[in-house]
1. Does segment B:40-59 hold any residues that are in contact with an Asp or Glu (Cβ under 8 Å, 6 or more places away or on another chain) and of a type in the set (Val, Ile, Thr), and which are they?
2. Could you figure out which of (1) in a helix (DSSP H, G or I); (2) under 17 Å from the mean Cα position of the chain (by Cα) isn't true of A:Ser180?
3. Counting residues that are surrounded by fewer than 21 Cβ atoms within 10 Å (Cβ to Cβ), of a type in the set (A, V, I, L, M) and more than 11 Å from chain B (Cβ to nearest Cβ), which helices (runs of 4 or more DSSP H) fully inside segment A:212-277 reach at least 2?
4. Any chance you could count how many residues in segment A:179-194 are hydrophobic (A, V, I, L, M, F, W, C) and either within 10 Å of another protein chain (Cβ to nearest Cβ) or out of contact with any strand residue (DSSP E or B) (no Cβ under 7 Å at 6 or more places or on another chain) (or both)?
5. Kindly state which helices (runs of 4 or more DSSP H) lie completely within segment A:77-175 and contain at least 3 residues that are closer than 30 Å to B:Ala11 by Cβ.
6. Being surrounded by 13 or more Cβ atoms within 10 Å (Cβ to Cβ), more than 12 Å from chain A (Cβ to nearest Cβ) and either over 25 Å from A:Gly303 (Cβ atoms) or modelled with pLDDT of 95 or more (or both) is the requirement here; does B:Asp73 meet it?
7. Across segment A:304-357, what is the number of residues that are in contact (Cβ under 8 Å) with a residue 12 or more places away in the chain and of a type in the set (S, T, N, Q)?
8. One residue is enough: does segment A:67-81 have a residue meeting the conditions farther than 24 Å from A:Leu290 by Cβ, outside the structural domain of A:Asn362 (by TED's automatic domain parsing) and among the charged types (D, E, K, R)?
Amino acid sequence: MKTIKGYPRKNGTYGVRNHVIVINTVGELAGITNRLADLVPGVVPVVQQGGTSQFPEDAMQTIRTIKGTVGHPNVNAALVLGMGENDFANQIASELNEEHCKVKSLVLNSGTTLDKIFSEGSQWLKEAYEESLLDVRVDIPITELTIGLECGGSDAWSGITANPAIGVCSDLIVEAGATSILAETTEAIGAEHILARRATNNDVAKQFLTIVKNYEQRILDTGEDIRSANPTPGNMVGGLTTLEEKSLGCIKKGGNSVLQQVLKYAEKPATKGFVFMDTPGYDVESVAGLAAGGAQIVLFSTGKGSPTGSPIVPVIKVGTNPKLYEIMSEHIDVNAGTIVEGKNSLQDVGEEIYNLVFDVANGEKTKAENHRNQEFAIWRLAQSI
Amino acid sequence: MKLNNAIQLHAEDNVVVALNSFEMNEEVYIKEIGLNLKVVNKIPYGHKVCVKKINAGDKILKYGECMGIATEDINLGQHVHVHNVRGLNESERLVSVNDFQLEGVGVNEDY
């Protein structure tokens with residue numbers, strides 16, 4: 001069996017990075033989170049702007065995302081900053097401590113000063129970071145790997161080059177016994193019947209059609225109609241004829257594998273193989289959800305050069321066209337533009353991405369990691385209260 | 001070496017995607033499938049060219065999937081786009097969650 005070199009965790013998962021992070025439960029602590037990370041070089045800030053006053057569904061989603069991020073296999077140790085009496089920082093820390101994750105919480109309240117947070121927090125982070133440097137990578141089976149599939153800044157070539165090439169890679173990942181998560185529910189509108197037919201059973205098919213229908217309804221409620229607005233006049237000039245064609249170009253990142261499960265945003269798969277996560281099209285929120293759901297690496301196609309990264313998972317950028325690679329190669333890890341030039345086939349580029357997944361899993365840094373692109377945002381369904 | 005100037009996304013597809021813009025009578029070339037076909041319309045890059053005879057009402061196959069229905073007969077080398085293809089309607093798409101079953105009543109397996 002193929003192996004990668006990763007970090008074994010006490011809860012039985014495996015990381016491909018060994019991050020020590022500091023994260024905030026509420027947006028009010030964003031500045032303090034950044035400052036605390038600055039005090040200990042090497043520590044990664046995971047900063048979010050969401051508040052405490054959220055609708056119940058959003059509050060649950062926020063907690064699930066933060067817990068998934070803090071307990072992520074790529075995370076060696078995490079400091080969770082909370083605020084006030086009912087903050088969930090302590091709860092997340094104690095739940096994850098039971099799973100043997102190295103997590104500490106600090107809560108700002110009437111009895112705590114900023115000085116105390118900075119001194120106690122930086123001391124803990126410093127020790128955790130120094131200990132993390134002692135860890136060594138070991139051989140782990142490829143079946144322990146989960147990748148996420150994403151696109152951001154699509155162009156007329158996305159559905160012809162980068163997305164189907166990522167699909168070739170995804171199918172190889174699934175064949176190897178690992179897990180691949182397709183995301184972005186909005187992108188499936190118009191081709192949902194095609195993906196539903198690839199579901200392993202009726203229940204999964206229905207769950208998939210339901211999340212697409214619900215998403216479409218929420219958009220309709222705002223007065224927008226994706227179905228009749230697409231393909232856009234610009235899409236048609238680019239060669240896209242029907243909505244099915246446009247959406248197929250997006251969902252082909254998932255290749256041709258059988259759909260095994262439909263996940264909530266930031267939910268962990270209960271199965272290996274090809275699964276779908278309900279996420280928005282906004283790349284930063286979608287990548288954060290994929291990561292919180294356990295993806296250790298994200299494959300990301302772009303036609304316009306989105307710099308989006310993640311604080312905890314390597315994001316591999318696949319550029320769709322030769323011009324983009326010429327101009328924005330500083331963001332692009334794989335140039336699928338060679339397909340446009342007739343030099344490479346989809347299979348060639350798919351295998352190149354697959355090989356790079358192994359290299360990145362083994363420690364090679366992506367362009368987004370080198371630039372320290374550490375974007376993080378949590379998907380919200382409703383407005384703030 | 002002559003490079004491919006179009007791409008077929010699935011072996012069953014009846015269209016290929018132009019990687020260059022083509023003038024009339026220029027040749028679409030894909031080495032792997034032995035395709036050497038003169039286009040009969042001007043084809044902008046990124047647009048589709050018919051490579052298997054398509055009759056009115058036939059499915060347009062891209063990625064091996066049905067991406068639309070031909071509204072007229074389409075011959076080899078012709079431009080395939082909004083002027084001769086329509087999207088699926090609701091009943092063809094089977095979007096109703098309540099009616100959906102993988103097998104049995106209400107399913108149109110043709111699409």
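1. Answer for segment B:40-59, where residues must be in contact with an Asp or Glu (Cβ under 8 Å, 6 or more places away or on another chain) and of a type in the set (Val, Ile, Thr): B:Val51, B:Ile54.
2. Tallying (1) in a helix (DSSP H, G or I); (2) under 17 Å from the mean Cα position of the chain (by Cα), A:Ser180 fails exactly one: (1).
3. So the answer is A:226-229.
4. 4
5. On the way: elements: A:89-98, A:114-132, A:162-175.
Counting at least 3 such residues, we get A:162-175.
6. So B:Asp73 fits the description; yes.
7. Of all residues in segment A:304-357, those in contact (Cβ under 8 Å) with a residue 12 or more places away in the chain come to A:304-325, A:327-328, A:330-341, A:346-347, A:349-354, A:356-357.
Filter again for of a type in the set (S, T, N, Q), leaving A:306, A:308, A:310, A:320-321, A:335, A:338, A:347.
Matching residues across segment A:304-357 total 8.
8. no
The values are calculated or read from the model by the stated rules, or taken from the named source; none is laboratory data. This structure is a prediction, so every number in the text was calculated from the model and none was measured. Backbone-built Cβ (ideal geometry, glycine too); neighbour counts: all protein chains shown.
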